[in-house]
Amino acid sequence: MKTNLLIVSHGSLASSLVATASLIFGEQQNVVAYGLEPGVQLDDFKEKIEAYIRERENENFLVLADLLFGSPFNSLIASMKQDNVYLVTGVNLPMVLEAAMQKDHLPFESLCDLAKEIGKTSITSKKDILSK
Amino acid sequence: MTCNILMVMHGHYAEALLKAAEMFICEHPPVDIIPVEPGDSLDELENQIRSYVTRHDQVLIITDMMAGTPNILCSRLLKDHAFALVCGTNLSMLIEVLNGENTQNPWDLGKLICEKGKEDIVFMNTLLKKENQQEE
């Protein structure tokens, strides 16, 4: 089953994450960014994402959101009732790169777990590395 | 005592991250950005970063990813300069930095935002599943 990667964020954070990832690994298929710009109605934002999901029956969706309980995150809560929509918060660049690279090679649930793990292990300060 | 914050990241990522954080925090201490674009001279970038850490005390540098050029350039300078370096920055970490917490030394601040960043990476579906099971 095809897996889509959705990055949702405040402002242009999501699109700059996707742009930076393609700078490093080249353009990726089925990786899309949704940024909530100031002044945009939350319902419109939500509808756009839901339409994307609706139009792709029998596909999987891993959503990477910028902030736990942020507005972009909140607009995904209804969609998460579907079995094929998974969500990981706290997106950073290593998470996007890893998920984009592995999405066509791993079972969907393993991919979601991996995104979370990579996100956490990629956050580190020099002291942590040296003390290992 | 205030930390000097420098973001060294690929392309427009630092700028976008800062703009997103500013949707939550209106007033914050100044943050400097050195973007790393494809085709930039690595020597020149290294000089820019070196000049920053030489001119400022109490520096915390945050980068986008460990194996990326921005982080590698900064790591090299750690040999001769004292500053705190954190990689894998996400939005909640930057918000924490801007949130008036940067009154401590950059190393403690770095540690704090690492913890915060990891804490806020959550696989929601497993979390919800667990909660549902508890309710049943």
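The values are calculated or read from the model by the stated rules, or taken from the named source; none is laboratory data. Every value quoted in this text rests on a predicted model; they were computed, and no experiment measured them. Positions of Cβ are generated from backbone atoms using ideal geometry, with glycine treated the same way; all protein chains shown enter the neighbour counts. Heads up: the accessible areas ignore ligands, DNA and RNA and are worked out on the full protein's heavy atoms, side chains in. Shrake-Rupley method; radii C 1.70, N 1.55, O 1.52, S 1.80 Å.
Data for the structure
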item	result
Cβ-defined net charge surrounding A:Leu17, 10 Å radius [Lys, Arg +1; Asp, Glu -1]	-2
Only Lys, Arg (+1) and Asp, Glu (-1) charged, at Cβ; the range A:14-114 dipole about Cα centre in debye	100 debye
Within the range A:60-99, backbone nitrogen closer than 19 Å to the virtual label 7 Å beyond the Cα of A:Glu117 toward Cβ	A:62-64, A:86-99
Carbon and sulfur %, accessible surface of chain B computed with the full protein complex present, 1.4 Å	48 percent
Lys pairs under 28 Å by Cα in the range A:3-130, provided they are eight or more residues apart or on distinct chains	14
Inter-label distance for A:Leu42 and A:Glu59, nm, one decimal - labels placed 7 Å from Cα along Cα-to-Cβ	2.7 nm
Solvent exposure, largest accessible area first (probe 1.4 Å, DNA, RNA and ligands not counted), of B:Thr2, A:Thr3	B:Thr2, A:Thr3
Which of A:Val8, B:Val122 is most accessible, then next, and so on - probe 1.4 Å	B:Val122, A:Val8
Dipole moment magnitude, nearest 20 debye, the range B:4-135 about Cα centre, only Lys, Arg, Asp, Glu C-beta charged	320 debye
Rounded percent of accessible protein surface that carbon and sulfur make up, the range A:21-132, 1.4 Å probe	49 percent
Convex hull projection area averaged over all views, chain B, Cα basis, nm²	9.8 nm²
Volume per residue of the C-alpha convex hull in chain A, rounded to whole Å³	117 Å³
Contact surface A-B: accessible area buried, both sides summed, square angstrom, 1.4 angstrom probe	3200 Å²
Chain A: angle of helix A:108-122 to the longest principal axis, Cα-based, in degrees nearest 10	50 degrees
Karplus-derived HN-Hα couplings along the range B:80-92 (A = 6.51, B = -1.76, C = 1.60, θ = phi - 60°), whole Hz, x at Gly and Pro	10, 10, 9, 8, 9, 10, 10, 10, x, 4, 10, 5, 5
Mean residue ellipticity (222 nm) of chain B, computed from DSSP H runs ≥ 4 via -39,500 (n - 2.57), nearest 500	-14500 deg cm²/dmol
With all protein chains modelled, accessible area of B:Cys26 [1.4 Å, Å²]	120 Å²
Dipole moment magnitude, nearest 20 debye, the protein assembly as shown about Cα centre, only Lys, Arg, Asp, Glu C-beta charged	560 debye
Heavy-atom SASA rank of A:His10, A:His105 (probe 1.4 Å, accessible area, largest first)	A:His105, A:His10
Surface accessible to a 1.4 Å probe, A:Lys116 within the full protein complex, Å²	50 Å²
For B:Arg76, solvent-accessible area (1.4 Å; no DNA, RNA or ligand), Å²	120 Å²
Convex hull (Cα only) mean projected area of the range A:9-80, reported in nm² to one decimal	5.0 nm²
Mean shadow area of the protein assembly as shown, taken as a quarter of the surface of its Cα convex hull (nm²)	15.2 nm²
Nearest-ten-degree value, helix A:42-54 long axis tilted from longest Cα axis of chain A	90 degrees
Cα pair distances exceeding 18 angstrom across the range B:44-106, given as percent	37 percent
